[in-house]
Each structure stands twice: as C-alpha cells, then as structure tokens.
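Q: Structure in structure tokens, see below.
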Amino acid sequence: MCPDSNIQLADCWAKTDPATGKPALTVRDHCLIVGAVAEALLRVLPPACKLIAPDGTATLAAAHDIGKITPGFQSKARPHWEFAGALGCDFYEGNHAKVSQAYLGTREGSLAFDWVLAAGGHHGKYPSSCGRLPRVNEGGLEWPILLRNELLQELVAVFGSLPRKNIPKGVLERV
C-alpha cells in the first residue's frame, strides 16, 4: 500500500501541456473552468433544452473529472509526478470516468442516479449502468477520497448543490 504522504489538491493534475508532455492544469482548476463554462452555456440554452437541465447542472459538469484524483490516473504523469513514495506502489483504477461515477454515486442524498450515469459517461462510454455503481479499487488509500471531498465541497460552494432529481419521464420526448 502507498503511504498517504503530503499529497494535496494542488498536486493533482488533470491536463497535460502538449508542448512539454508535463502536467499543466490541476484537477481543481479544470473543474472550476468547466463549471464556469457550463454556467455560461446554461444562460443561453433554448427553453426546451432547459427542461432537462436541472438545478445543479453546472456543479455536475464541474465535477465530471473529480475521478482524476486517484492514484491510477495521477500515475499517468510519470515521471513528472513528484510523490516518490507513492510511485513505487501498485496503482489501481485508472479510468477517471469510472471513479467519478462511483464517487459521485456514493455522496448520500446529493446526486440523482441519472446524473451519476451522466458523469460516468462523459467520454461516451458508461462504466456501469443498469442501476449499479462501478466498483473501484484504490488499495485502501485515504488521500483520494479526502481530496475529492475537499474539491466537491468547493464546487458546491461555488456552483450550488448537485442535481437531486432524475430526469422526469417524458421530458426527453418533448425536447
């Protein structure tokens, strides 16, 4: 098992600089940018589209990559990842969309299941559907969950709560 060293939210990367191949944008900053863009888009949506965009849509969009805060994803930045104590470990789940879906699905009372699926399927594939959450093995590490909790709290503070209602039956047929 990897030691839960001094890994902080600011250390977790989301996007790589194409010129250098090194991590360039943190998960936190990426999520905040996506949330801000989602808010701007929601303001200009046609009324019919607004029917399926519940309160909390910007927060959901912002949280879509929260699963990048996991050893399996962060290890993809090797050799640039600076947590030498963690680099020698076996890494577990690297599919960040799967981790996002599993994590958001465990936030009690905070996110309706339709939207949990949307978070997991943000690359066009659904890690798990049929009313089940995917299982994620992170080797018993605490830092990924603690940092995801910290980031989700910030996203909720900035953009509001996550969607609590599923898409009403028949709404998609009217759009």
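The values are calculated or read from the model by the stated rules, or taken from the named source; none is laboratory data. Small disclaimer: the values here were computed from a predicted structure and weren't measured. Glycine also receives a Cβ, built like all others from the backbone with ideal geometry; neighbour counts cover every protein chain displayed. Just so you know, the surface numbers come from the protein's heavy atoms only, side chains and all, with ligands and any DNA or RNA stripped out. Shrake-Rupley method; radii C 1.70, N 1.55, O 1.52, S 1.80 Å.
Q: Here are some residues: Cys89, Cys130. Which one is in contact with a helix residue (DSSP H, G or I) (Cβ under 8 Å, 6 or more places away or on another chain), assigned to a loop (DSSP other than H, G, I, E, B) and at pLDDT below 75?
A: Cys89
Q: A further question on this structure: Can you tell me which residues in the range 9-30 are open to solvent by less than 50 Å² (accessible area, probe 1.4 Å) and in a helix (DSSP H, G or I)?
A: Matches in the range 9-30: Leu9, Val27, His30.
Q: Suppose we filter the range 42-78 for residues that are open to solvent by 50 Å² or more (accessible area, probe 1.4 Å) and aromatic (Phe, Trp, Tyr); how many remain?
A: Matching residues across the range 42-78 total 0.
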